[in-house]
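For reference, the structure I am asking about is given below.
The values are calculated or read from the model by the stated rules, or taken from the named source; none is laboratory data. All figures in this text were calculated on a predicted structure; none of them were measured in a lab. Note that each Cβ is placed from the backbone with ideal geometry, even for glycine, and that neighbours are counted across all protein chains shown. For accessibility, only protein heavy atoms count, side chains too; no ligands or nucleic acids. Shrake-Rupley method; radii C 1.70, N 1.55, O 1.52, S 1.80 Å.
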Amino acid sequence: MRGALHVRFLTFVLESSDGSAGGGDDALEQYNSPTSEQVLHDHCGWTQDLHSEDTYRDQAPSPLHRNRPRQDSTNSSLSLMPGNGTILTLREAFLMRYFIQKLAPWADVCDIHSHFRTEVPKRALENKMVLQAILALSARHDAILANDSDWEASAYHGQCLQILIAALDQAETNCDENMLITVVILRIYEELENKTDQKFHLLGSNRLVNLVTSSASSVVQYQPLQLDMQNYERSSMFHRDDDAACANRIIYHCARILKLCCGAPAHIVRQDTWRQISDSVKEWNQTKPAIWQPIRYQASSVAASRPFPEVWMISPPAVVGMQYYHSACIFLTLSESQPPNMTDYERARSRRVKEKVIADHLVVVIGLSLSNESVENAYFMASHLLHRFGYCLRNVVEQEGSLQFLTRVEKVLGWRTSWMMRELEHQWTELAGFDSWDS
């Protein structure tokens, strides 16, 4: 992941073709979670009816009926599922609950129906592929926090891949929600080992999402997006006024910016297109709900050793939505075209001004994470942006605060950030040396 500015998580939510989401309201929901060239990935939505009949149910028996070799008295204990006699080992039951309580909220931050905490575990009890993906993700995260080997996670991951690869071969004619769910979960699994991430399942999710005609996505990559953005323009998020819809609209705008501007130099982007997308971001900010104003705000002050502002928000979607707004502003600033007749000094000055603007937005994104610590998904966005644009932070107080933040991320989330810290320290040292050539 070192070469990709990458938003940390996909957020998928399924809508039916008639626009009604499973469980009631339809939505472009998010599955947010995200490097010197990576940042936004944290959030993605899709649509299909989560309550539709599972096309795999008649093809494969419930994974809960399988026989597993018993290892010891603890791991082989069985947890009975009342009413139907199906069973999970005690370890599997623990990993399932771990997913529901710890990991699913990362995906549900902008989903008003919390599908990953409710519907996805139900699917897992009927679909072996989804179950193996959940067990793999939970086992890997549990091993990371315990600083233990992830052999168990690798075993679940291998079993899941065997099923998924066969399913992907038929995806053009037999694409269903279970495949999408599985690919998203495996994408998070990959990102937990973010230093060596090859983004295999991100490519798979792009392919699958594009096959779903009534889909909604907010995946963001510091690469040309491979998603068909027109698929998402029919989403009900453009007609609803709840917090989740508002957050997903700015996520969509941010994805458009990345798709439009990060695949080619800004000067070849049509100026009317550029103005339209810039105006969309400005309009979003001006029309966002009044309740999205922070209930407490204290500006940052390097003089007071307070590198990041304190920004208390009242809802998780508001935290994520404002992070994406500031991210959109960063990308618009970065890709802004310059007059062709600028002098060399004016170009140098313009670059410094851009870096200052980017730094100002970056410290707010980090402040939103630190001020709303229960919204763990927000840590990913801040980490990705910090790795990508941390070089813009020139003040020592901001730099030290950033390192403390990344240390906190690794401790709280188990998402490895030590290598990011080393890269940032190298960048800051090198740039400081350039600024002191006369010494």
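Roughly speaking, to the nearest percent, how much of the range 281-437's 1.4 Å accessible area is carbon and sulfur?
53
While we're here: Between ASN341 and ILE291, what is the label-point separation in nm under the 7 Å Cα-to-beta-carbon projection?
5.3
Based on the Cβ-Cβ distance of SER418 and ARG394, what FRET efficiency does E = 1/(1 + (r/R0)^6) give at R0 = 25 Å, to the nearest 0.05?
0.65
Can you sort CYS254, CYS329 by 1.4 Å-probe accessible area, starting with the largest?
If we order CYS254, CYS329 from most to least accessible, we get CYS329, CYS254.
Starting from the 7 Å offset along Cα-to-Cβ, what nm value, one decimal, do you get for the label separation of SER301 and GLU283?
Going by the 7 Å Cα→Cβ label model, 4.0 nm.
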